[in-house]
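Here's the structure, in structure tokens; my notes come after.
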Amino acid sequence: MKILILATKNCNHRPQLETRLKKMNIPYNLKYVEEHPELATRFKIHSSPNIIVDGEVVFRGEGEQSLPSKQELKMLFAVKLFDQGKKIYNPKTALSSDT
């Protein structure tokens, strides 16, 4: 599973998102829209931050929308990993625990 955070350099929410992923031991790459405008075009990015998993935008930080919680991130990754046949997080139990 390849996770990409695509954000603007001045995005105030990006550091919070990175902190959540690091605490969950989820590896990711970070790219800035200013340095990779082709990605903004490809993924139709108009706001920041964005989470792209295996080439699919799974979260768009738009307007006053809050960042995904730790539990929402666990559920998102559980579904992706389950689809790939990996059992890191179980989708059925991902939301039931705070770990």
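The values are calculated or read from the model by the stated rules, or taken from the named source; none is laboratory data. From a predicted model like this one, the values you see are computed outputs, not experimental measurements. Every residue, glycine as well, gets a Cβ built from its backbone with ideal geometry; the counts of neighbours run over all protein chains shown.
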**Study point:** In segment 55-77, the residues that are basic (Lys, Arg) and more than 18 Å from residue 10 (Cα to Cα)
**Key:** 70, 74
Exercise for review: Enumerate the pairs (first residue in segment 24-52 and within 9 Å of residue 6 (Cα to Cα) and touching a residue at least 24 places away in the same chain (Cβ under 8 Å); second residue anywhere and polar (S, T, N, Q) and assigned to a loop (DSSP other than H, G, I, E, B)) with beta-carbon separation below 7 Å, excluding pairs fewer than 6 apart on the same chain, so at least 6 apart or on different chains.
Suggested key: 32/8; 33/8; 33/48; 48/8
Revision key, fill the gap. Note: among 33, 57, 53, just one is surrounded by 12 or more Cβ atoms within 10 Å (Cβ to Cβ), touching a helix residue (DSSP H, G or I) at 6+ places or on another chain (Cβ under 9 Å) and at pLDDT below 95, namely 53
Practice item. Go through segment 1-12 and give me each residue that's surrounded by 15 or more Cβ atoms within 10 Å (Cβ to Cβ) and under 21 Å from residue 77 (Cα atoms). Key: 3, 4, 5, 6, 7
Review point. When segment 1-21 is examined, which residues are found to be of a type in the set (D, E, K, R) and either at pLDDT 95 or above or under 18 Å from residue 65 (Cβ atoms) (or both)?
Key: 9, 14, 18, 20
Review point. Taking helices (runs of 4 or more DSSP H) that fall entirely within segment 1-84, which contain at least 1 residues that are of a type in the set (Ser, Thr, Tyr) and on the phi < 0 side of the Ramachandran plot?
Key: 14-23, 37-42
